[in-house]
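A short write-up of the structure that comes next.
The values are calculated or read from the model by the stated rules, or taken from the named source; none is laboratory data. These numbers were taken from a predicted model, which means no experiment stands behind them. So basically every Cβ, Gly included, is an ideal-geometry build from the backbone, and we count neighbours across all protein chains shown.
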Amino acid sequence: MAVRAVRGATQLETDSQEHMLERVAEMVRDVMASNGLAVADFISIVFTATSDLHAEFPAYVARRLGFDDVPLLCARELDIDGAMPRVVRMLAHIETELPRAQITHTYLHGAAALRRDLARVHAQPDE
């Protein structure tokens with residue numbers, strides 16, 4: 001079993017608690033489904049949010065999904081001029097048999113534009 005890192009990002013349309021809960025849950029579930037992961041496979045997750053998001057902690061969403069004994073951390077993304085607004089990112093450390101080249105990094109909604117070189121982007125029907 002190897003330790004790997006998997007990334008995810010999503011963009012919110014608005015800064016509301018309900019929307020944060022929806023989009024972050026979607027991102028976490030997609031990372032899990034795309035890589036065949038269960039909660040028990042996660043070692044830790046670091047979430048970042050851009051400075052325009054205040055409605056909820058992204059880690060709270062993971063707790064609601066059952067990540068009760070997984071160390072979680074929220075941090076503020078760097079506030080760079082011209083950066084994409086309303087983005088939540090995650091960096092998860094996992095235990096998996098997948099080789100590094102087969103890890104699927106998930107970028108949803110507007111965040112799909114962030115790392116097309118790295119991710120097998122999951123396009124959304126509304127985009």
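Some notes on this structure:
- Residues within segment 8-33 that are buried (at least 17 other Cβ atoms within 10 Å of the Cβ) and either of a type in the set (D, E, K, R) or modelled with pLDDT under 95 (or both), tallied: 3
- Among the residues listed as Ala62, Ala5, the single one being surrounded by 18 or more Cβ atoms within 10 Å (Cβ to Cβ), touching a strand residue (DSSP E or B) at 6+ places or on another chain (Cβ under 8 Å) and not in a loop (DSSP other than H, G, I, E, B): Ala62
- Within segment 65-101, the set of residues being basic (Lys, Arg) and surrounded by 12 or more Cβ atoms within 10 Å (Cβ to Cβ) comprises Arg86, Arg89.
- Pairs, first touching a residue at least 24 places away in the same chain (Cβ under 8 Å) and among the basic types (Lys, Arg) in segment 1-18, second outside any loop (DSSP other than H, G, I, E, B) and loosely packed, with under 13 Cβ neighbours inside 10 Å, C-beta under 9 Å, six or more apart: Arg4/Arg100
- Filtered residues of segment 65-97 (kept if part of a loop (DSSP other than H, G, I, E, B) and of a type in the set (A, V, I, L, M, F, W, C)): Leu65, Phe67, Val70, Leu78, Ile80, Ala83, Met84
- Every pair of residues 6+ apart whose Cβ atoms lie under 7 Å, when the first sits in segment 73-97 and is under 17 Å from Val39 (Cβ atoms) while the second is surrounded by fewer than 17 Cβ atoms within 10 Å (Cβ to Cβ) and of a type in the set (Ser, Thr, Tyr): His93/Ser44
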